[in-house]
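First up is the structure itself, then whatever we jot down about it.
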Amino acid sequence: MPELPEVETVRRGLQPVLEGSRIERVETRRPDLRFPFPEKFGERLGGKFVQSLGRRAKYLTAHLEGGPVLICHLGMSGSFRVEAEGDAATPGRFHHERSKDTAHDHVVFHMAAPTGERSRVVFNDPRRFGFMLLAEEKTWREHPMLAGLGVEPTGNTLDGELIGSLFKGRAAPLKAALLDQKLIAGLGNIYVCEALWRAGLSPRRSAGSIAPGPGKRSVRADRLAGAVREVIADAIAAGGSSLRDYVQADGSLGYFQHAFSVYDREGEPCRRPGCEGIITRIVQSGRSTFYCPACQR
């Protein structure tokens, strides 16, 4: 499933095409994705101007003039591509050949820019685990899919003090706490593994073990907060990580996977200078965890 950096990369790729443009019409080629489309989906979006394109955790939010708010999730294999009107080619360079199976093009947004230029924004999803829902502008943050999400792992809001307070008294493994969307929204398996390696913390240790004592700061919590922010920022700058069929909005693939320090590197030497450890894979809550037992404590 695309993680936060991938979703942010998609948002940035779609932003120049969608923001300020008018949705002329919406073409739905099946009645549902993961969920049925909202009633009168195309009618409620057609003719509306896109005021802004945002992101909350792994959700894309398109805010339309006069409402509603379109909430999109890519699911396991969903992706957007932008096509110029009358041109079926997808811009961007490819690291792996991208599927051109139009049988999985389920939603097409026909857009008109203020300049008069027209384009299509196509949502392709072979597994159909993605979805599109609508919410009212005044209450979109209270939508069941978004309500209860924790703090965003970008910016300075996520610091050691906050992580320490969130994890205080929690016996769950540190990795499980980081994946809890009610605590920190948008973190996924890949970047949690990478952040824990950067912070030198074992995914096995209890989350509460990095919380500070009364009146103190936690060096471990500070290191972890910095590592989370840095790994997300680095991945966004690299265009996200491409796993299997994930692609960016322009059709190109992300390259952060070439910089992985631990993820999917089982049996390989640790990349930390001076460490002679070997990357190990364990399973936690049904997910693969990659870490270095020698330097992550």
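Every read-out reported here was derived from the displayed coordinates using simple, explicitly stated rules and does not represent laboratory data. Owing to the predicted nature of the structure, the values given are computational and were not obtained by experimental measurement. We place every Cβ from the backbone using ideal geometry, glycine too, and count neighbours over all the protein chains shown.
Couple of notes before you dig in:
- Using C-alpha pairs below 8 Å separated by at least 6 residues, the relative contact order for the chain is 20 percent.
- Check: segment 161-246 dipole with +1 on Lys, Arg Cβ and -1 on Asp, Glu Cβ, in debye: 420 debye
- Segment 160-291: C-alpha pair distances exceeding 27 Å, %: 20 percent
- Distance violations [Cα-Cα > 22 Å] among LYS182/LYS216; LYS48/LYS182; LYS58/LYS182; LYS58/LYS216; LYS168/LYS216: LYS182/LYS216; LYS48/LYS182; LYS58/LYS216
- Whole-number percent relative contact order across segment 160-291, with pairs defined as alpha carbons under 8 Å at least 6 apart: 24 percent
- About its Cα centre, the dipole of the chain is roughly 1080 debye, where the only charges are +1 on Lys and Arg Cβ and -1 on Asp and Glu Cβ.
- Selection from SER165, TYR263, HIS110 lying farthest towards where the dipole of the chain points positive, charges on Cβ: SER165
- Label corresponding to Rg/Rh (Cα atoms, Kirkwood Rh) when calculated from the structure given, among (i) 0.97; (ii) 1.10; (iii) 1.01: (iii)
- To the nearest ten degrees, helix 219-237 and the longest principal axis of the Cα atoms of the chain are 30 degrees apart.
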